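Q: One structure, pasted below without further comment.
Taken together, the values in this text are just the output of simple stated rules run on the coordinates, not laboratory data. Being a predicted model, the structure only gives us computed values, none of them experimental. Virtual Cβ from ideal backbone geometry, glycine too; neighbours counted across all protein chains shown.
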Amino acid sequence: MPIARVTELSATSDQSFEDAVNQGVERATSTLRNVESAWVKDQNALIGQDGNITYKVNLAITFVLEEGDQPS
């Protein structure tokens, strides 16, 4: 039976929430194997002193662990 693990990460974008999610998923899939899903746990719009908005998302990334030697 497959076992999955969840890890959390934050990603930002100066374009949109969707772009922040895409960047987070792209980064996760470049490091982790067997990524199955990404859950947007939280999103915030950060407003800088210059008035520019930065879109931030907190993601929970689920990936399936590979089969191998199991600890006894």
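Q: Using θ = phi - 60° and the Karplus relation 6.51 cos²θ - 1.76 cosθ + 1.60, list the HN-Hα couplings for segment 42-51 in order, rounded to whole Hz, with x at every Gly or Pro.
A: Values, residue by residue: 7, 9, 9, 9, 8, 10, x, 4, 7, x Hz.
Q: Let me ask something else. Could you identify which residue out of 19, 42, 50 has the top mean-square fluctuation in a GNM of the chain using Cα springs shorter than 10 Å?
A: Of 19, 42, 50, the Gaussian network model singles out 50 as fluctuating most.
Q: If you don't mind, another one. If you count, for each residue, the other Cβ atoms within 10 Å and average over each peptide, how do 31-38, 1-8 line up from highest to lowest? Provide the component values of the computation, followed by the final result.
A: Values: 31-38: 13.1, 1-8: 9.6.
Highest to lowest by the protection proxy: 31-38, 1-8.
Q: Just to confirm the number: angle between the C-alpha axis of helix 17-31 and the first principal axis of the chain, 0 to 90 degrees, nearest 10?
A: 30 degrees
Q: Let me ask something else. Note down the relative contact order for the chain as a percent, whole number, built from C-alpha pairs under 8 angstrom at least six residues apart. Please list the in-between numbers first.
A: On the way: 130 pairs, mean separation 31.3, N = 72.
This gives 43 percent for the chain.
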